[in-house]
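The values are calculated or read from the model by the stated rules, or taken from the named source; none is laboratory data. The structure presented is a predicted model; accordingly, all values stated were derived computationally and were not measured. Every residue, glycine as well, gets a Cβ built from its backbone with ideal geometry; the counts of neighbours run over all protein chains shown. With ligands, DNA and RNA removed, areas are computed over all heavy atoms of the protein, side chains included. Shrake-Rupley method; radii C 1.70, N 1.55, O 1.52, S 1.80 Å.
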Amino acid sequence: MRRLLADGLLHRPMTEWAPAPDPESLAELGARVDIAARRRLGRSLSIRQVDAGSCNGCELEIHALNNAFYDLERFGLRFVASPRHADVLLVTGPVTRNMREALERTWHATPGPKWVVAVGDCGFDGGVFAGSYACLGGVSAVVPVDLHIPGCPPDPITLLQGLLALLATAAERPKG
Ligand code: SF4
């Protein structure tokens, strides 16, 4: 025990330092998302997050969007508790067999026009879980996907950039 305490005092932790925050670029990016959402939808963007079987790494980054630093609600981007109130389904993870029906029902419960964003490498093609007997693959194996945000996991800025790209695409090619 004493050796462990001494090790802890003498050596730095084996974790990476967090990247230096850049509040200005975050504010600019957030404002662009807000303007794009209001232009396309006439109001803020409502997001329902769906964990279809992830390791929760992607969820930690998505949760960070709501913390005091990113605080994305100030940019008109908010998470909602029901798919019936959502514009966007933000889906993480490979789709597990147990979550297939839940994901399908969530997609059907979301009113149109709606967009599906597959988050993370697992959301694209199953990622590190691809080939597992418990998984069906990426999100597009179950519901139509409009955008994929790569990364394992993608950080909050990458998530925000992905949402901006989604809104830009939606403005150019609106859904019926
Ligand atoms: S992409 Fe990475 S962090 Fe996200 S669910 Fe898959 S393994 Fe976890």
Query raised in the report: For VAL80 and LEU10 in the same chain, what is the full-extension length gain: residue separation times 0.36 nm, less their Cα-Cα distance, in nm?
Result: 20.6 nm
Query - Within region 30-176, percent of DSSP bridges classed antiparallel, to nearest 5 - result: 10 percent
Query raised in the report: Around VAL116, which amide H atoms from residues at least 5 apart in sequence, or from another chain, sit under 5 Å from its own amide H, with H modelled in the peptide plane?
Result: LEU89, ASP146, LEU147
Query raised in the report: Per residue, how many Å² of accessible area does region 1-138 show with a 1.4 Å probe?
Result: 62 Å²
Report summary line: Per DSSP loop assignment and a cutoff of at most 13 other beta carbons within 10 Å, the chain keeps its longest run without exposed chymotrypsin sites (Phe, Trp or Tyr not before Pro) at 70-132
Query raised in the report: Within the chain, which complete DSSP H helices have Cα atoms spanning at least 15 Å along the helix axis and a mean Kyte-Doolittle hydropathy of 0.5 or higher?
Result: 156-172
Report summary line: Rounded to one decimal in Å, the inverse mean reciprocal Cα-Cα distance for region 17-105, i.e. its Kirkwood radius, is 14.4 Å
Report summary line: Of the accessible area of the chain, computed with a 1.4 Å probe and all protein chains kept, carbon and sulfur make up a percent value of 55 percent
Query raised in the report: Taking the chain as a Gaussian network, Cα atoms linked when under 10 Å apart, which of ALA37, ALA64, ALA52 shows the biggest mean-square fluctuation?
Result: ALA64
Query - Per-selection Rg to Rh, the chain - Cα, Kirkwood hydrodynamic radius - result: 1.05
Report task. Starting from the amide H of GLY137, placed 1.01 Å from N in the peptide plane, find each other amide H under 5 Å away whose residue is 5 or more places distant or on another chain. Result -> VAL95
